[in-house]
1. Out of all the residues in the range 1-9, is one or more at positive phi and surrounded by 15 or more Cβ atoms within 10 Å (Cβ to Cβ)?
2. Just for strands (runs of 3 or more DSSP E) wholly inside the range 284-351: which have at least 3 residues that are closer than 30 Å to T387 by Cβ and within 16 Å of the ligand (Cβ to nearest atom)?
3. Any residue that is open to solvent by 40 Å² or more (accessible area, probe 1.4 Å), within 19 Å of F370 (Cβ to Cβ) and either within 16 Å of the ligand (Cβ to nearest atom) or assigned to a loop (DSSP other than H, G, I, E, B) (or both) - is there at least one of those in the range 395-415?
4. Of the residues V447, V455, V466, which is modelled with pLDDT of 95 or more, of a type in the set (V, I, T), within 16 Å of the ligand (Cβ to nearest atom) and not in a loop (DSSP other than H, G, I, E, B)?
5. If you take the residues in the range 480-531 that are buried (at least 16 other Cβ atoms within 10 Å of the Cβ), of a type in the set (V, I, T) and more than 23 Å from Q227 (Cα to Cα), which one is nearest to the ligand (Cβ to nearest atom)?
6. When residues of the range 223-255 are filtered for being touching a residue at least 60 places away in the same chain (Cβ under 8 Å), open to solvent by 10 Å² or more (accessible area, probe 1.4 Å) and assigned to a loop (DSSP other than H, G, I, E, B), how many remain?
7. If I ask for residues that are modelled with pLDDT under 95 and surrounded by 14 or more Cβ atoms within 10 Å (Cβ to Cβ), which ones from the range 27-61 would you list?
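The values are calculated or read from the model by the stated rules, or taken from the named source; none is laboratory data. Worth saying up front: this structure is predicted, and the values here are computed from it rather than measured. Here the Cβ is made from the backbone with ideal geometry for all residues, glycine too, and neighbour counts use every protein chain on show. Surface accessibility is based on the protein's heavy atoms, side chains included, excluding ligands, DNA and RNA. Shrake-Rupley method; radii C 1.70, N 1.55, O 1.52, S 1.80 Å.
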Amino acid sequence: MIVYHEPSRTYTLHTKHTTYQLAVHPTGVVQHVYYGPRLRDCDLTGLLRYADRGFSPNPEEAGADRTFSLDTTPQEYSTCGVGDFRLPSIEFELPCGSRTADLRYARGEIRRGKYALEGLPAFYGGEEEWETLSLVLRDDAAQAEVELLYGVLEEYDLITRSVLVRNVGEGPVRLCRCASLCLDLPRSDLDMVTFNGAHLMERCPSRAPLRPGIQSAGSVRGASSHQHNPFVILCDREANEDYGLCYGAMLLYSGNFQAAVETGQFENARLVMGVNPYHFTWTLEPGGVFSAPEAALVCSEAGLGEMSRRFHRAIRDRLVRDHLRGRRKPVLVNNWEATYFDFDPEKLLAIAREAAALGVELFVLDDGWFGKRDDDNSGLGDWQVNTDKLPGGLEALAPTINGLGLSFGLWVEPEMVSEDSDLYRAHPDWALRVPGRAPARGRNQLVLDFSRREVRDHIYAQLHRVLSSAPVTYVKWDMNRSLSGVWSAALPPQRQGEVYHRCVLGVYEMLERLRTDFPEILVEGCCGGGGRFDGGMLYYTPQIWCSDNTDAMDRLRIQYGTSFCYPVCTMGAHVSVVPNEQNGRVTPLETRGIAAMSGAFGYELDLSKCTPEEKACICRQIETYKARWELLQLGDYYRLTDPFREGPYTAWAQVSPDRREALVSVVFGGARAVSPFRVLKLKGLDPGARYQVDGAGCWGGDALMHAGFPLPAVKGDYQAVQLHLTAVDDQLPPCNCVLIESGSINI
Ligand code: DGJ
């Protein structure tokens, strides 16, 4: 619900559990007033304080009042060069050369439904569930209108933000910075959590108290990156999974981004998030509009766990566009770690045959099926089947796979080109490359200039042909290097600052075309694993390969970090061989299955080489997954331990929304001879219900949460158990905290 209160000129945005208020100051500056737990309708402008502060200038409209300064008042969208010295959200380059921005309120509108952003990913939904607040601000000197957009998805506790910049003048308008979100908080005693890492170890949480100055996470790699994620949290210093005020902010963007927090001089904090200003400029012709990517905010007064669950529900139901929504996705086998580039139809069919017998439902042919590609030095850009390797092409292979009872999926990497390819030989200028500089190669490949329509059209036509030639139901869209030498032969020098962003828009446009032309294809995003795991990609690709690291123990950490924002059903996760290909670790097959099941589940190994015992285990895993997928994929997710704390085990649980069923997964670390008796306290259960724990009797929900469940003693490294809980009757007598029956389980 959005309410405008005329006397105080406040706009108040209510979600089920939160309230956000902003006010229009008599000067026309739009101030931020409050964001936190839900309040009744009220005017909170009394929270805004004014004082004459040294070295904080006063805008002209303040007249003789020296207590109003842009430098000190909290704002909805910060400007620059006109008296606010904190992080700017927007910056114009005026025709005179000045790089400033100054915004004043012009008009506001509350309307039903959600605003639209052309060519960009965004949360969606029906007219009845969304409301939009549009505030139009003007910068007369820049001849521009800046429209701040707020989407309120009340039931999901989600507030989205975006910004449209419109040229309302006669000449061009040049933007040098345009953030999606500015959040001014009246306190700086907060922790900032960012999600950092590297290829093979993505999204490791890093938490630190805000300190004076600017702290930030961001990417200039052309993709959101393995190194930093466009999701950050600001929270109470003492906030934990179950307690404390937390703000989560995600940017739905897959390119260069920046999320920066500045702690101000008066113990306040400003978060600004959006497209990274590095090498960004945008020229708007008269009437032209620039749309900043969407950002989304969740505030939770009940700790990090509840913040994550609010994001999970919203992303699952209102961001991901999945033709399989509400249905189980097929269990897949991917041939990459099984064969790499070295395959022929016999090898592939041997894997597929075994897969079908074990209950797998989809066979995915990874890299190496096209062009002249027997290693990663050639062939990208030539999206025709290599019939030397696959005689008869996909037209022969896919139906044969179908005949085994499996659907067929295919890997592609459309944004890239190998210098050793027909495409590059014909169009060397289609690769991004700075004139006069030698290009830097990554995986011995270059990046195509997706800002150019003819480049995209050419690649898309090839993909369309391939995907129409065979019954393909799944595509893995990969991207295996960071962008460098970003320069487009199609744009003049003064517009080169648009190329990074135009390339991202080009990827989105291609993915949208793919979705429109092949609505029944499930697209999995990938960027050397998790180098582009962001809300932008999730709008087009309902799942993303979480990491190229398939080791179960490392995956626990990666999936844990990823879960702070993104739901389990979006995280591609596969069981692979041991010793693990990335780190050499040996973990039990059961453990690998339990880790991968809390993701979009599949296998990535040569199933034809498995022993009978391994095959029996895989069969059981697939049966369990099929029986419990709804709980695993759609249940409320509870992190029970932190795998980065080197504790004796890592545990998490999925609980059905009605709390009648739960699945608890526990993975132990290295073996110990004399292990203490350990209990695991569960979360999210109904304290008044009685739960049947598979193989371990009946337990009260209150007992399981407050006294805990006795974990079995295990022998051997990296063992795992899964506990399935079902509520067996409605209510226990009040205050019951007696264990009905105790037990432990054998594994
Ligand atoms: C990187 C991906 O993450 C892998 O799974 C695999 O598809 C390779 N690329 C293929 O080149």
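1. Within the range 1-9, one or more residues are at positive phi and surrounded by 15 or more Cβ atoms within 10 Å (Cβ to Cβ).
2. Fully inside the range 284-351 and qualifying: 332-334.
3. no
4. V447
5. My answer is V523.
6. Residues of the range 223-255 touching a residue at least 60 places away in the same chain (Cβ under 8 Å): 223-226, 229-231, 233, 235, 239-255.
This time we only want the ones that are open to solvent by 10 Å² or more (accessible area, probe 1.4 Å), so: 226, 240-243, 245, 247.
Among the residues that remain, those that are also assigned to a loop (DSSP other than H, G, I, E, B) are: 226, 240-243, 245.
Result for the range 223-255: 6.
7. The one that is modelled with pLDDT under 95 and surrounded by 14 or more Cβ atoms within 10 Å (Cβ to Cβ): C42.
For (1) within 23 Å of R138 (Cβ to Cβ); (2) more than 32 Å from the chain's Cα centre (by Cα), each residue gets a yes or a no:
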| residue | (1), (2) |
| --- | --- |
| M1 | no, no |
| E6 | yes, yes |
| K16 | no, no |
| A23 | yes, no |
| V29 | yes, yes |
| V33 | yes, no |
| G36 | no, no |
| L39 | no, no |
| T45 | yes, yes |
